[in-house]
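Structure, as structure tokens:
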Amino acid sequence: MGEKQPYVVVIIVQVIYTGMYVISKAALDGGLSSFTFIFYRQLTSAILLLPLAFIFERKAPPPLPLSLLLKITMHALIGITFGMNVYNVGLKYTSATVVSATTNSIPVMTFFMAFLMRMETLQFKSLAGISKAMGIALCLGGVLTIAFYSGPKLNPLVKHQLFGNNTSSTNSFQTESKWVKGTFLIITANTAWSLWLVLQGFLLKEYQSKLLFTTIESVLSTVQCFIVALAFERDMSRWKLQLDMGLLAIAYCGFVVTAISFYLQSWCIEKKGPVFLAMSTPLALVFTIVCSSVFLGEVIPLGRYALPSYMDSIRYQISELFIKILFVSQLSMTSGELLCLKQIISKNL
């Protein structure tokens, strides 16, 4: 069971994030300020984690030098304060499904960053190395398709939704400019999140108490997010909390996402590394497609089935990348076999 635990944990993490995508979208569509949302979310997680850290870590807490505290502060600023605020702004312009699908860029970015920092290797002469490279190209192709083309739509699975309504769900697709803008913001947030994952691997080697690490980062990010919220949200009426979807989103994201899932992620990164965790993000897309259609009434774009001419060009470039990867790996293939493989790849993209 010990070897299977990381796989169980990453599935739990992606289920938690599915709930975050759906509930956050419903709350933002209901009028919740994205900046105060992040502040209250981090405040909630800090309130939960502080007593737990005091109970379980008070006897022998690891030392925290000033240099390490500054590193954790910057780590919180990159992944939580910047990444989450940009993410929520992007979520306003898109849908829960698009956001979940765009997170497929996280494995690509995380791998490249980990590769540059020598945490991961890529052996082009091995089957595993070729598989990694092909997976990277597929993720990039999927993100580009999502960003620039929606295609035909899949109607909601049910007529009556628990959260929101069809009107709010489809407004995200009314203008292409908002859709592309939202996707760009989400990819920017994913870049910050990927860097956050990779840097966390280094920090956990310096500070091995995962509970205290998560608690300290929650407290620091709460202060940072409060400053950001004050700067961007001057209307004090937007700070008031009511018994609505906004309060549910804050409680869920604060207690479940930030407190529980962040701890699980730290555990998983320590055991298997940041790339292993990032590679599980496509699972959330499958879960989110179903949940967003049922609970939000979202219209799901099926871009894969009707690509316009400029997307055909992107698809061709991806197939070319696959062929170059095979050349680099020095596989013994005839020109006819390469042409056949290229046609198969192009057909399935």
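On the stretch given as the stretch 62-94, residues that are polar (S, T, N, Q) and farther than 17 Å from F37 by Cβ total 2. Out of Q14, Q42, one residue alone is surrounded by 15 or more Cβ atoms within 10 Å (Cβ to Cβ) and closer than 21 Å to V228 by Cβ. It is Q42. Where helices (runs of 4 or more DSSP H) sit wholly within the stretch 189-274, those with at least 2 residues that are touching a Pro at 6+ places or on another chain (Cβ under 8 Å) occupy 262-272.
So that you can scan it fast, the table gives a plain yes or no per residue for (1) at pLDDT 80 or above; (2) of a type in the set (D, E, K, R); (3) closer than 17 Å to L185 by Cα:
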residue: P63; (1), (2), (3): yes, no, no
residue: L66; (1), (2), (3): yes, no, no
residue: N85; (1), (2), (3): yes, no, yes
residue: A101; (1), (2), (3): no, no, yes
residue: Y149; (1), (2), (3): no, no, yes
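Taken over the stretch 19-35, the criterion of being more than 15 Å from L248 (Cβ to Cβ) and in a helix (DSSP H, G or I) is satisfied by S34, F35.
The values are calculated or read from the model by the stated rules, or taken from the named source; none is laboratory data. If you're wondering where the values come from, they're calculated on a predicted model, not measured in any experiment. Here Cβ is always computed from backbone atoms with ideal geometry, including for glycine, and neighbour counts include all displayed protein chains.
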